[in-house]
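The values are calculated or read from the model by the stated rules, or taken from the named source; none is laboratory data. Predicted, not measured: the structure shown is a model, and the values here were computed from it. Neighbour counts are summed over all protein chains in view; Cβ atoms, including those assigned to glycine, are modelled from backbone coordinates with ideal geometry. The protein model used for the area step is the full one, side chains on, heavy atoms only, and it has no ligands, DNA or RNA in it. Shrake-Rupley method; radii C 1.70, N 1.55, O 1.52, S 1.80 Å.
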Amino acid sequence: MRKPLSYFMYCKSHKKSSIAIIISIGLAILLIGAIQLYTINMNDSEIRSDAKYKYATLVYKNKDILDKNITTKIENDDTVEKVIKVNNFQYMIRTVFGTDMDYEGFYADERDVKYIINKMGIKFDKGNYVKNDDNKILINENTARFKQVGIGDFVGGDVRKDDYFKGKYKIKGILSGDNVVSFIAVGPKELEQNYMYLVFPRKGKLQEMNKFIRSISKNGIKNYSYDDAQESSKENLKNFNAIFNLVIIIIIIVMSTVLGNYSYINYMKRRSEVGILKAMGYTKAKIIMRMIKEIGISSFLGFGFGYLVLFIFAKTYNVFYLYPRGISLFHITWDLFPKFLSIPLFITIFSVIPVSRLLEKIEPISIIERLG
């Protein structure tokens, strides 16, 4: 007779049921992992949009021009290296959920465009700098992939519905990296009615500069810094997680209940093995520990299978869908593991509780007599 409650012997004689449990656990991990990947990716798209504010802070006044004394005060502060007059424009990209998100670019003098690109550490993938009023534009490589355009192609509201800025601009340069800002060079006349300034700090003075700017931000003066961007990103991620965590909890409860009942049925079929162990003097605690070991092995194998499939899914989706469309890539982070591990944990709990009750109903003598 096979060894009582031997996991590997049981798997050998019950391949279909063992594989079904492993696959079920794996698919649950894949589903939860995919939900989290999409959630994190949505947040990453917003972080990418605000990457430029790691280097500078935007100062503006709603529908009005900043007073000269305010800009002079900012320029004269010890934490400030340069104040650049800009206007902004927007264009649309699509997120992994298929929803629209607006990214931002700047109109600025050609000399300031060079300064901004240098300070932000942006490199050219292709092309060169733009000149004032030459109706040309620099765009990020991710934007170019999303729009499926390259050097020499045209963008702008006159030729594309997803560009929310008037005109027709020829692409002169493609910028590399995840800082998805774009630039159009314009002369002083075009910036006379500007409402915005990019304020760059001296080295290591960004936090001090932002503190100073916040102190003068009153009477309609606004500012947007990287701290503001991070706060907004955290709030959005919190809202997303509130929704998806509820979905994840439902998945865990349903899977745990179903597989727990499945385990109970399996152990019902193996009452003779349990009875033999009780007859051999095994205590209830020792038998339960052997059951936990069995369930733990299935859960571990299911965990490994699910993680492997999730890894393949993420890499495949990155290569064939996200990267070609310029969308933020999927990243599997350590933050996912507590949610992954909750699946085998709850399956074990939901399995052991009903099975432990089954132990109380098993009479070893009657089982031995039946086997005899």
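Brief remarks on what is shown
- Of everything in the stretch 316-334 that is out of contact with any Phe, Trp or Tyr (no Cβ under 8 Å at 6 or more places or on another chain), touching a residue at least 12 places away in the same chain (Cβ under 8 Å) and not polar (S, T, N, Q), the residue that is farthest from T99 (Cα to Cα) is H331.
- I171, sole failed condition from (1) open to solvent by 10 Å² or more (accessible area, probe 1.4 Å); (2) more than 24 Å from L58 (Cα to Cα): (1)
- Which listed residue, of I248, I292, I287, is of a type in the set (V, I, T), open to solvent by less than 80 Å² (accessible area, probe 1.4 Å), farther than 30 Å from E81 by Cβ and more than 38 Å from the chain's Cα centre (by Cα): I287
- Y282 being open to solvent by 70 Å² or more (accessible area, probe 1.4 Å), outside any helix (DSSP H, G or I) and out of contact with any Phe, Trp or Tyr (no Cβ under 7 Å at 6 or more places or on another chain): yes
- Qualifying residues in the stretch 38-76 (those that are aliphatic (A, V, I, L, M) and outside any loop (DSSP other than H, G, I, E, B)) - the one most open to solvent (accessible area, probe 1.4 Å): I47
- Filter pass, V96 being out of contact with any strand residue (DSSP E or B) (no Cβ under 9 Å at 6 or more places or on another chain), under 30 Å from L37 (Cα atoms) and β-branched (V, I, T): yes
- Checking S263, S233, S272 one by one, the residue that is farther than 30 Å from L31 by Cα and polar (S, T, N, Q) is S272 and no other.
- The number of residues in the stretch 317-337 that are within 16 Å of the chain's Cα centre (by Cα) and assigned to a helix (DSSP H, G or I) comes to 9.
- Residue within the stretch 178-196 that is within 29 Å of the chain's Cα centre (by Cα) and surrounded by fewer than 18 Cβ atoms within 10 Å (Cβ to Cβ) present: yes
- Verdict on R214 being over 30 Å from D64 (Cβ atoms), surrounded by 14 or more Cβ atoms within 10 Å (Cβ to Cβ) and basic (K, R): no
- Subset of the stretch 77-98 [open to solvent by 60 Å² or more (accessible area, probe 1.4 Å), closer than 30 Å to N318 by Cβ and not hydrophobic (A, V, I, L, M, F, W, C)]: Q90, R94
- Tally, over the stretch 201-239, of residues that are in contact with a helix residue (DSSP H, G or I) (Cβ under 7 Å, 6 or more places away or on another chain) and hydroxyl-bearing (S, T, Y): 4
- Residues that are closer than 17 Å to I171 by Cβ and charged (D, E, K, R) number at least 2 in the following strands (runs of 3 or more DSSP E) confined to the stretch 93-147: 124-127.
- T71 touching a residue at least 24 places away in the same chain (Cβ under 8 Å), within 30 Å of N132 (Cα to Cα) and of a type in the set (V, I, T): yes
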